Amino acid sequence: MAQYSLLKPEDERLRRPSEPWNFQEDSPEILDELIRSMREIIVREKAVGIAASQIGVQKQVFMVQLVDSNRSPTLPRIPLTVFINPTIEKVSRRTGYFVEGCLSVDDLQVRLRRPKWIRVSWQDRNGRSFSNKLSGVFARIFLHEYDHLHGILITDYLDL
């Protein structure tokens, strides 16, 4: 089993756009190992999301999970959801601010403005396609991880 570790902002791999996961060519065993490793990190770090690019794998895979948040007990629970080859189909014109942190950027909190809701589509680990409207914190976490797939870090928003 491969050992993955979190990349830090100076690592150029965080800036590379990720490639789609190809269910015909890419190994299902590698995908299972990647998902297992990402889940271990998200649990260990008590994070709400992680993208494959954050551990040096340039594939369009990320996961979101929000359970018993000590920092924000009023936030809704989000079961572990794996997004493969996600796309954003529509975004709300209404926006809101929220403070975000990032596993790859230690000790930095950035107040970001993001859409209130988004309509997205993705595939699961078996290649099945899904589409759903995400709102509130779920939409925000999705967008944060989606940014990682395109080489965008929260530090990029500091200049805005």
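The values are calculated or read from the model by the stated rules, or taken from the named source; none is laboratory data. Being a predicted model, the structure only gives us computed values, none of them experimental. With ideal geometry, Cβ positions are generated from the backbone for all residues, glycine too; neighbour counts draw on all protein chains shown.
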Filtered residues of the stretch 136-160 (kept if of a type in the set (Gly, Ala, Ser), modelled with pLDDT of 95 or more and more than 11 Å from the chain's Cα centre (by Cα)): Gly151
Would you mind listing the strands (runs of 3 or more DSSP E) fully within the stretch 69-160 where at least 1 residues are small (Gly, Ala, Ser)? 95-102, 117-123, 129-135
Run Arg119 past the list (1) closer than 30 Å to Glu10 by Cα; (2) touching an Asp or Glu at 6+ places or on another chain (Cβ under 8 Å) and report the number of the one that doesn't hold. (1)
Among the residues of the stretch 23-57, the number that are surrounded by 12 or more Cβ atoms within 10 Å (Cβ to Cβ), part of a loop (DSSP other than H, G, I, E, B) and not charged (D, E, K, R) is 5
For residues that are in contact (Cβ under 8 Å) with a residue 24 or more places away in the chain and in contact with a helix residue (DSSP H, G or I) (Cβ under 8 Å, 6 or more places away or on another chain), scanning just the stretch 134-160, find the one that is nearest to Arg16 (Cα to Cα). Gly151
Being loosely packed, with under 13 Cβ neighbours inside 10 Å and in contact with a strand residue (DSSP E or B) (Cβ under 9 Å, 6 or more places away or on another chain) is the filter here, so list the residues in the stretch 102-129 that pass it. Asp107, Gln109, Arg111, Arg113, Asp124, Ser129
